[in-house]
Amino acid sequence: MLSSKSGLKGVWFILPAVVTLLVLITYPLIYGAYISFFDTNLITKWDFVGLKYYVDIFSNSEFLNRILLTLHYTFWVVVGHFIIGTGLALILNMKLKGITVFRVILILPWLFPEVVVGLLWKWLFNPMYGLFNAVLMNWGWIDDPVSWLGNEQTAFAAVIVVSIWKGFPMVMMLLLAGLQSIPEDVYEAAKIDGCTRSTAFRYVTLPALMPVMVVTLILDTVWWFKHFTMIWILTQGGPGNATNVVSIDIFKQAFDFFNFGKASAMAILVFFVCWLMGYGYRRLFGNGDD
């Protein structure tokens, strides 16, 4: 009887989380998949079209080009996050005076809302009164203002820089937490065995960090593969299609062309791409325990 009551209490404890997941994740996913089989305006028009939108997507190279562009964008953003995040995590893990202040300062980009970050960097990149052009022209590095977000050659790189600046604190803090979970005894034993700092990093730190790094890699990759807000604020997918990643394309299909069925089909395919990336990471790195 006591066991039964305890089990019932456990159900009540997890019920809010289960309901939240069903309402915010499961229902929208199922409803999105349902919409992808219809030519609909979401109100009065519900014409069943079956797999038409999926066939159209796979028979058109534009969607594949968007996926490749998004993968290109995600690759450089994640690489930047891990290079900066790992380096700063190692520094912040040192026992230095005032290190807590730097931890607070370095996490600020992640705490700022994406809309604020997008608008701030859009002002910095502005060709007429932006800070970057003013500084570069003052130093004599450029003669005329550069339209950083209006040029196909620079817009993509500019979006990547902004995304790296915004996202590196998450990687930094997760890896810092992983570093702080490694016992000091392990390093002391490695030092007694004659390990230098570089060999200790390779054979002690990296293997111990691997579980955290795998989870961080999956989260960071999926998050930025489907990213929308800052790219929309900075370029709206332009100039041309230079920054027209798949999330921007889905938004345009739904709210510019009101093709909700096709937009839903594209979103479902993006979901499976994200799942495949996560699965590929787990197959490549295991659970990070090897």
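The values are calculated or read from the model by the stated rules, or taken from the named source; none is laboratory data. None of the values given here were measured: they were computed from a predicted structure. Every residue, glycine among them, receives a Cβ derived from its backbone with ideal geometry; neighbour counts consider all protein chains shown. Just so you know, the surface numbers come from the protein's heavy atoms only, side chains and all, with ligands and any DNA or RNA stripped out. Shrake-Rupley method; radii C 1.70, N 1.55, O 1.52, S 1.80 Å.
See the values below:
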{"read-out": "Qualifying residue in region 100-123 (condition: within 30 Å of Met266 (Cβ to Cβ) and not in a helix (DSSP H, G or I))", "value": "yes"}
{"read-out": "One residue from Leu209, Leu219 being over 22 Å from Ala263 (Cα atoms), surrounded by fewer than 17 Cβ atoms within 10 Å (Cβ to Cβ) and not polar (S, T, N, Q)", "value": "Leu219"}
{"read-out": "Subset of region 43-74 [in a helix (DSSP H, G or I) and touching an Asp or Glu at 6+ places or on another chain (Cβ under 6 Å)]", "value": "Arg66"}
{"read-out": "Verdict on Leu120 being open to solvent by 30 Å² or more (accessible area, probe 1.4 Å) and under 19 Å from the mean Cα position of the chain (by Cα)", "value": "no"}
{"read-out": "Residue match in region 169-185 (condition: touching a residue at least 40 places away in the same chain (Cβ under 8 Å), more than 22 Å from Gly240 (Cβ to Cβ) and open to solvent by 70 Å² or more (accessible area, probe 1.4 Å))", "value": "yes"}
{"read-out": "Qualifying positions in region 45-65 - in contact (Cβ under 8 Å) with a residue 40 or more places away in the chain and open to solvent by less than 30 Å² (accessible area, probe 1.4 Å)", "value": "Tyr53, Ile57, Phe63"}
{"read-out": "Test for Gly80: is it crowded, with 16+ Cβ neighbours inside 10 Å, touching a Leu at 6+ places or on another chain (Cβ under 7 Å) and in contact (Cβ under 8 Å) with a residue 12 or more places away in the chain", "value": "no"}
{"read-out": "Unique residue being in a helix (DSSP H, G or I) and in contact with a strand residue (DSSP E or B) (Cβ under 9 Å, 6 or more places away or on another chain) when the list is Ser264, Ser198", "value": "Ser264"}
{"read-out": "Test: residue in region 24-42 that is closer than 23 Å to Leu219 by Cβ and outside any helix (DSSP H, G or I)", "value": "no"}
{"read-out": "Qualifying residue in region 245-262 (condition: of a type in the set (Lys, Arg), surrounded by fewer than 18 Cβ atoms within 10 Å (Cβ to Cβ) and at negative phi)", "value": "yes"}
{"read-out": "Failed item in (1) at pLDDT 85 or above; (2) surrounded by 10 or more Cβ atoms within 10 Å (Cβ to Cβ), with Gly10 passing the rest", "value": "(1)"}
{"read-out": "Tally, over region 127-148, of residues that are open to solvent by 30 Å² or more (accessible area, probe 1.4 Å) and either of a type outside the set (Phe, Trp, Tyr) or touching an Asp or Glu at 6+ places or on another chain (Cβ under 6 Å) (or both)", "value": "15"}
{"read-out": "Pairs where the first residue, in region 251-276, is polar (S, T, N, Q) and the second is outside any helix (DSSP H, G or I), C-beta under 7 Å, 6+ apart", "value": "Gln253/Asn259; Ser264/Ser36"}
